[in-house]
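Data block below; observations after.
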Amino acid sequence: MAHSMAGFLGTTRQVPTCILNAIQPVHRAAAPQHQSAARTCKHSRGRSQQRQQALQSWILQAVRSDQQGSQVDSSTLQLISDLTNKVDQEHAAILAENSQALEGIMEDAAPDSLKRKVEQSIQKLQKGLLERETEVRLLLLAGLGSEHLLLLGPPGTAKSELSRRLSNLTSGKYYERLLTRFSVPEELFGPLSMRGLENDEYTRKTDGYLPTAEVAFIDEIFKANSAILNALLTLLNERLFDNGNQRLEVPLLCLVGASNELPESEELDALYDRFLIRRSVSQVSSSQLGNLARLAAGTKLVAQAPSNGAGNNGAGAPADTKAGPGLDLEDFRSTAGKAVGAVDVPESVIDLLTSLRDYLQDKAEPPIYVSDRRFMKALNLLQVAAFADGREEVNEYDCLLLEFVFGNRPDDAQKVRAYILETIASDPGLQQTELVFLGLFGRSCRILESKDQQELAEVQQEGASVVQLLQQRQAGLSSTLGQQFPEMRATIWQSESSVQAAAQSLTPQMTENKKKVEDLLREAMVLKEALDQAVSASVLERLLPKRYKQYQKGISQRS
């Protein structure tokens, strides 16, 4: 009968023992014969009625209890359904809005005047050269940043031609010299003054030599001997020249050094470190040999793909006279100082720089030494690049220029570039945001259990902030992928081929990051809505079961 009652109730509710005893047959000793049959019958009927009433009372209570539990489950399910439907609709609306916003984004119609000058100068310097887009940009960046450029490569690859063009652009004094192992200081710094010697003064006549030049080119720079090195190191770094007992400031903007090979002697390491920007120059590729022959013959070149505003790779492309004049000497003198004060370096870029140096010195094989001076100058160079681009902040894509700054050997550039691209694609900011969300979820669980209204108001505000942050991040990734990396394409310092290679490397991982951000945004919106409605912790568990398991796991590990 107990089983039939359970079946009747449709549950697994256990029937109380007292009720089971009441409905079981009662085995008693036989009544004495002298008791009357009427009394026995009356007593049996009374006991039977009591048992029946007890059983009916229990059944009624059980049914009411089951109905009440069913009503709670139903209301909870309805709450969860309404909340998730609301969040899904808002989430879809946000994604659609960010996607539609891409159509209204337009490129700047009026670029910064300095940026326009740089673009015009790039066209002027590239004209008549093949496959020298990167070298031209690095030459201008070195000049604007008051730094020096080292070009490594075989003879006949337009190394000296680039420095002469920079001198023509600035209209400044130019000095050029080919060093040998037998070169003497007089060849670079000027002859001794005979009149000075008569007056017991050891001075040089520097006019027309390196100490008075604004742009200089020294070929076979690493042939410099120890007699030249000491004066050259001070001149390159401090822009000072010791002439007799006087220390004079020199007007040097940029020195372009050239060599067919890397320095072999340790005493040349300090000179090598003075060149902040280093670039390996190779011969014109086989695909451009036809244009090289046409260039030599003075015939029209076959058009090539444009490279960031320089059509035909700069070969034979006339300068755009409507764009205004190019850079002048004052631009080269003043840009570096203005950039340091006007351009901010965000923490994300600082983190990238520090992690890159740690990686190169501690994990790269072989280790790549980056001096403190080079590290600081590299950061200032990124500020100059951003300033010339018309921006007030350095971005992570500017760090791609560091492949020409960090590294001791030509093949180190690829290691630097690969690490930067990997770091940008991995998006450390997304990982930090997810950790913030996990911490907020744990606090929310505890507060919903304790029902502390003051703390609840605080986490509601934090939840809204996380949702807003993720919305901005999703919009940024949508813009970046939808417009094919507009920030990187807009810069004047990356050639089109470099941009395409970087975009191809970044797209797969950033597409995956976009999906992660969208999923995390939905979870954050669910949490925000749950906090706004002050649901119970058990409801939050059902809304975000994955996060609740992570929360419980964290508690068990701490305990």
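The values are calculated or read from the model by the stated rules, or taken from the named source; none is laboratory data. Only a predicted model underlies this, so the values are computations on that prediction, with no experimental measurement involved. Note that each Cβ is placed from the backbone with ideal geometry, even for glycine, and that neighbours are counted across all protein chains shown. Ligands, DNA and RNA are excluded from the accessible area calculation, which covers all protein heavy atoms including side chains. Shrake-Rupley method; radii C 1.70, N 1.55, O 1.52, S 1.80 Å.
Structure data summary
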{"quantity": "Any hit, the stretch 273-286, residues being farther than 23 Å from V136 by Cβ and either open to solvent by less than 40 Å² (accessible area, probe 1.4 Å) or touching a residue at least 60 places away in the same chain (Cβ under 8 Å) (or both)", "calculated": "yes"}
{"quantity": "Residues located in the stretch 424-471, provided they are polar (S, T, N, Q) and either farther than 18 Å from K515 by Cα or open to solvent by 30 Å² or more (accessible area, probe 1.4 Å) (or both)", "calculated": "S426, Q431, Q432, S444, S450, Q453, Q454, Q460, Q461, S465, Q468, Q471"}
{"quantity": "Positions within the stretch 366-381 being open to solvent by less than 10 Å² (accessible area, probe 1.4 Å) and more than 17 Å from R279 (Cβ to Cβ), in sequence order", "calculated": "V370"}
{"quantity": "Evaluation of D519 against (1) open to solvent by 50 Å² or more (accessible area, probe 1.4 Å); (2) part of a helix (DSSP H, G or I); (3) over 21 Å from G429 (Cα atoms) (one fails), failing number", "calculated": "(3)"}
{"quantity": "Which numbered condition V394 misses (of (1) at pLDDT below 95; (2) under 13 Å from the mean Cα position of the chain (by Cα); (3) open to solvent by less than 40 Å² (accessible area, probe 1.4 Å))", "calculated": "(1)"}
{"quantity": "Single residue of V459, V384, V416, V370 found to be within 30 Å of V118 (Cβ to Cβ), aliphatic (A, V, I, L, M) and modelled with pLDDT under 95", "calculated": "V370"}
{"quantity": "Evaluation of L481 against (1) out of contact with any Asp or Glu (no Cβ under 9 Å at 6 or more places or on another chain); (2) closer than 21 Å to E512 by Cβ; (3) surrounded by 18 or more Cβ atoms within 10 Å (Cβ to Cβ) (one fails), failing number", "calculated": "(3)"}
{"quantity": "Q474 vs. criteria surrounded by fewer than 18 Cβ atoms within 10 Å (Cβ to Cβ) and either part of a helix (DSSP H, G or I) or in contact with an Asp or Glu (Cβ under 7 Å, 6 or more places away or on another chain) (or both)", "calculated": "no"}
{"quantity": "Residue check for T491: at pLDDT 90 or above and crowded, with 20+ Cβ neighbours inside 10 Å", "calculated": "yes"}
{"quantity": "Of all residues making up the stretch 328-363, the number that are closer than 27 Å to N408 by Cβ and open to solvent by 30 Å² or more (accessible area, probe 1.4 Å)", "calculated": "12"}
{"quantity": "Subset of the stretch 162-191 (residues that are surrounded by fewer than 15 Cβ atoms within 10 Å (Cβ to Cβ), over 19 Å from K223 (Cα atoms) and either touching a Cys at 6+ places or on another chain (Cβ under 7 Å) or not polar (S, T, N, Q) (or both))", "calculated": "P191"}
{"quantity": "Among the candidates E518, E523, E496, E458, residue that is in contact (Cβ under 8 Å) with a residue 40 or more places away in the chain, of a type outside the set (V, I, T) and farther than 16 Å from T433 by Cα", "calculated": "E496"}
{"quantity": "Positions within the stretch 200-244 being touching a Pro at 6+ places or on another chain (Cβ under 6 Å), open to solvent by less than 30 Å² (accessible area, probe 1.4 Å) and over 26 Å from N168 (Cβ atoms), in sequence order", "calculated": "F222, I228"}
